[in-house]
Structures are given as C-alpha cells and as structure tokens.
Amino acid sequence: DLRRAGAEEALQQVRRALADRGHALELLRRGQQRTRRIIDTARDPFVAVDARGRVETWNHAAEETFGWPEADALGQPFDELIIPPADRAAYRDLLSQIVAGAESNVLDRVLGLTAVRRDGSEISVELTAWEIDDAGRRTFNAFIRDISARLAAAESIARLAAVVEQSRDAILTLDLTGTILNWN
C-alpha cells in the first residue's frame with residue numbers, strides 16, 4: 001500500500017509539472033504573438049536581418065514605406081532592398097566587421113541615412129539598430145523612420161526665413177495683443 005501511495009504521489013507530481021510546463025509554454029506563445037502584433041502594427045518600419053544580412057522580419061510599415069511586400073522581402077539581402085546602390089559595399093563591409101566582432105559606432109544610436117524605395121526614389125530616414133545574440137544566433141534589428149516630410153518642412157521654413165530676412169520691406173510678427181514677436 002505504501003508503494004502504491006508513493007506511486008500516486010509521484011504521478012501527481014508529474015501531472016503538476018506537465019501542467020506547469022504547459023502553462024509556461026502557453027505564456028511564451030502568447031508573448032510571442034503579442035510581440036509580433038506590436039511589430040506588425042508599429043507605424044515605423046521594423047526590419048530584422050540575420051548575420052548574413054538577409055531579411056527575417058519585415059513589417060507592414062516597411063511594406064508601405066519601401067514598396068516591397070513582406071513575401072518579396074523575406075530572405076532577401078537587406079542592402080538590395082533599401083540601401084542606395086552607391087552605399088551597398090560600405091554597408092556589407094560594416095556588417096562583416098560587426099559580425100567578426102569589431103566595435104561598432106552604428107548600433108544603439110539614431111543614424112540619419114538615405115534609403116531607396118522599390119521604385120528607385122530616395123527618402124531620408126532615421127535608423128535605430130541593435131543586435132540580439134540568442135545563444136549564438138545573431139540578428140540585427142532596426143526601426144526606420146521616414147523623416148523626408150520633416151526635413152522638407154524645415155527647408156521650407158529656412159527658405160521663408162531667408163526671404164523675410166533679405167526683404168527690404170519691414171515685416172513684423174505680432175501676437176493677438178499687438179506685441180511684436182519678430183521682425184526683420
């Protein structure tokens with residue numbers, strides 16, 4: 001009888017362990033789904049590449065910004081999708097150096113770059129990239145923000161300011177109370 005009670009207790013422990021493992025696996029699955037939903041719904045393009053520079057993740061914003069559907073981008077060399085042709089060799093050299101262990105001044109910081117769309121048009125972007133080493137499997141991840149409209153607005157403001165500054169006429173900016181805010 002003692003043996004039987006011990007066997008039943010051992011069986012209960014195995015059942016509890018399996019239930020705990022199943023619960024942990026379910027939590028992991030939900031976490032992975034949540035992470036994928038976050039990436040898929042991000043407003044900025046998100047791209048992940050492997051150590052060879054091949055695209056592993058390409059979200060909806062990347063499709064819209066660069067014109068490449070995810071199905072066409074996955075497995076492709078990242079540089080051939082968005083790096084201007086004149087900059088591709090430098091990108092490949094940099095990736096090779098980083099993979100070989102060289103210190104990098106491009107990871108974990110915001111970089112201003114030029115990117116190219118599928119149609120060949122160029123846009124200004126800010127790219128923030130970081131590396132994840134998961135048990136020796138390295139991926140390079142990046143959020144990419146199209147800043148073309150922001151730069152165009154800044155250029156427009158600068159041109160207008162130059163026109164105002166060079167004008168021979170008096171130009172004043174007043175608030176609603178009549179206080180002068182600016183003049184040339």
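The values are calculated or read from the model by the stated rules, or taken from the named source; none is laboratory data. It should be emphasised that the depicted structure is a prediction, and the values quoted were computed from it without experimental measurement. Positions of Cβ are generated from backbone atoms using ideal geometry, with glycine treated the same way; all protein chains shown enter the neighbour counts. The area values use the complete protein model at the heavy-atom level, side chains included, leaving out ligands, DNA and RNA. Shrake-Rupley method; radii C 1.70, N 1.55, O 1.52, S 1.80 Å.
Take the Kirkwood radius over Cα pairs of the chain, plug it into Stokes-Einstein at 25 °C and 0.890 mPa s, and you get 117 µm²/s for translational diffusion. Remark: the range 1-60 carries a charge dipole of roughly 120 debye about the Cα centre, counting +1 on each Lys and Arg Cβ and -1 on each Asp and Glu Cβ. By accessible area, using a 1.4 Å probe on protein heavy atoms only, the range 1-93 has 53% of its surface on carbon and sulfur.
Given +1 at the Cβ of Lys and Arg, -1 at the Cβ of Asp and Glu and no other charges, the dipole of the chain around its Cα centre is 680 debye to the nearest 20. Computed about the Cα centre, the dipole magnitude for the range 140-184 is approximately 120 debye when only Lys and Arg (+1) and Asp and Glu (-1) carry charge, each at its Cβ.
Look at the dipole of the range 135-184 built from charges on Cβ: of ALA142, ALA154, ILE171, the Cα furthest out on the positive end belongs to ALA142. Surface exposure of the chain, expressed per residue as accessible area with a 1.4 Å probe, stands at 70 Å².
If you bin all the Cα-Cα distances of the range 1-103 at 5 Å, starting from zero, the percentages per bin are 2, 11, 13, 13, 12, 9, 8, 6, 5, 5, 5, 4, 3, 2, 1, 0, 0. Across all C-alpha atoms in the range 118-184, the radius of gyration and Dmax reach 22.1, 68 Å. For the range 46-134, what is Rg from Cα atoms divided by 2.2 N^0.38 Å, rounded to two decimals? Normalised by 2.2 N^0.38 Å, the Cα Rg of the range 46-134 equals 1.04.
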